[in-house]
1. In the stretch 8-29, how many are exposed (fewer than 14 other Cβ atoms within 10 Å of the Cβ) and either touching a residue at least 12 places away in the same chain (Cβ under 8 Å) or basic (Lys, Arg) (or both)?
2. If you go through the stretch 45-61 one residue at a time, do you hit one that is part of a helix (DSSP H, G or I), within 20 Å of Trp11 (Cα to Cα) and not basic (Lys, Arg)?
3. If you check Ala66, Ala22, Ala48, Ala16, which single one turns out to be touching a helix residue (DSSP H, G or I) at 6+ places or on another chain (Cβ under 7 Å) and at pLDDT 95 or above?
4. Hey, can you tell me all the residues within the stretch 16-29 that are more than 23 Å from Pro43 (Cβ to Cβ) and not in a loop (DSSP other than H, G, I, E, B)?
5. If I ask for residues that are free of Cβ contacts under 8 Å to residues at least 12 places away in the same chain, basic (Lys, Arg) and under 17 Å from Ile1 (Cβ atoms), which ones from the stretch 30-68 would you list?
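The values are calculated or read from the model by the stated rules, or taken from the named source; none is laboratory data. It should be emphasised that the depicted structure is a prediction, and the values quoted were computed from it without experimental measurement. Because the Cβ atoms are built from the backbone with ideal geometry, glycine has one as well, and the counts that use them run over all protein chains shown.
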Amino acid sequence: IGADTKGSVAWLRAKAAAAATAGHPEQAKRLNERADRRQDRLPQIANALTRLKNADTTVCSALPGAGA
């Protein structure tokens, strides 16, 4: 996901760089901190997606009419 995807880590980093360049260091700091927190959450999100896919293949596909 790149800087053109609103809300992504790269997007936040780009906004922070723009804020710093524009002379807004506090805003840049907050945006970088938000990007750090979001980056830290990526493994949790990947794990949740894996668990959802496993549930879909093991539980949901066993239901009558699944995939219809």
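1. 1
2. Yes, because at least one residue in the stretch 45-61 is part of a helix (DSSP H, G or I), within 20 Å of Trp11 (Cα to Cα) and not basic (Lys, Arg).
3. When all the criteria are applied, what remains is Ala16.
4. Across the stretch 16-29, the qualifying residues are Ala17, Ala18, Ala19, Ala20, Thr21, Pro25, Glu26, Gln27, Ala28, Lys29.
5. Those that are free of Cβ contacts under 8 Å to residues at least 12 places away in the same chain, basic (Lys, Arg) and under 17 Å from Ile1 (Cβ atoms): Arg37, Arg41.
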